[in-house]
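Engineer: Encoded as structure tokens, here's the structure I'll be asking about.
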Amino acid sequence: MHFFTPKRCGTTNKIMYHDKAQAERAANQSFIERGTELWVYRCQYCSTWHLTSHDPDNAWVHTPLNQQLKPHSRKKGYKPRRR
Ligand SMILES: [Zn+2]
């Protein structure tokens with residue numbers, strides 16, 4: 001099988017994702033396929049997005065995966081009703 005070869009960061013040797021959504025999709029995929037929880041963070045060296053398998057302690061930007069797993073059930077333009 002032939003997969004596209006992702007570019008890797010020269011500093012961290014992690015796969016480079018050029019946008020956050022792409023990285024999150026890969027993280028979701030990993031969770032579904034392997035049950036591996038991954039966090040998405042922005043690399044300070046190459047300024048693309050990487051995945052990390054452990055909660056980064058000194059993370060610049062990171063998003064817990066469990067917050068990303070929710071399907072986009074909200075309709076566009078939905079606003080919570082105020083009382
Ligand atoms: Zn990097």
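Engineer: For the stretch 23-37, give me each residue that is in contact with a strand residue (DSSP E or B) (Cβ under 7 Å, 6 or more places away or on another chain) and either farther than 21 Å from Gly10 by Cβ or open to solvent by 30 Å² or more (accessible area, probe 1.4 Å) (or both).
Structural biologist: Glu24, Ala27
Engineer: A further question on this structure: Looking only at residues that are within 11 Å of the ligand (Cβ to nearest atom) and either touching a helix residue (DSSP H, G or I) at 6+ places or on another chain (Cβ under 7 Å) or part of a strand (DSSP E or B) (or both) in the stretch 19-43, which one is nearest to His54 (Cα to Cα)? Step through it out loud before you land on a result.
Structural biologist: Kept after step one, since they are within 11 Å of the ligand (Cβ to nearest atom), are these residues of the stretch 19-43: 41-43.
Those left that are additionally either touching a helix residue (DSSP H, G or I) at 6+ places or on another chain (Cβ under 7 Å) or part of a strand (DSSP E or B) (or both): 41-42.
Values: Tyr41: 11, Arg42: 14 Å.
Across the stretch 19-43, the extreme among qualifying residues is Tyr41.
Engineer: Within the stretch 6-18, track down each residue that is open to solvent by less than 70 Å² (accessible area, probe 1.4 Å) and either more than 9 Å from the ligand (Cβ to nearest atom) or not basic (Lys, Arg) (or both). Steps first, answer last, please.
Structural biologist: Initial filter on the stretch 6-18 (open to solvent by less than 70 Å² (accessible area, probe 1.4 Å)): 6, 9, 12, 14-17.
Passing the criteria: Pro6, Cys9, Thr12, Ile15, Met16, Tyr17.
The values are calculated or read from the model by the stated rules, or taken from the named source; none is laboratory data. All values reported here derive from a predicted model rather than from experimental measurement. No Cβ is skipped: glycine too gets one built from the backbone with ideal geometry, and neighbour counts run over all protein chains shown. Note: areas computed on protein heavy atoms with side chains; ligands, DNA, RNA excluded. Shrake-Rupley method; radii C 1.70, N 1.55, O 1.52, S 1.80 Å.
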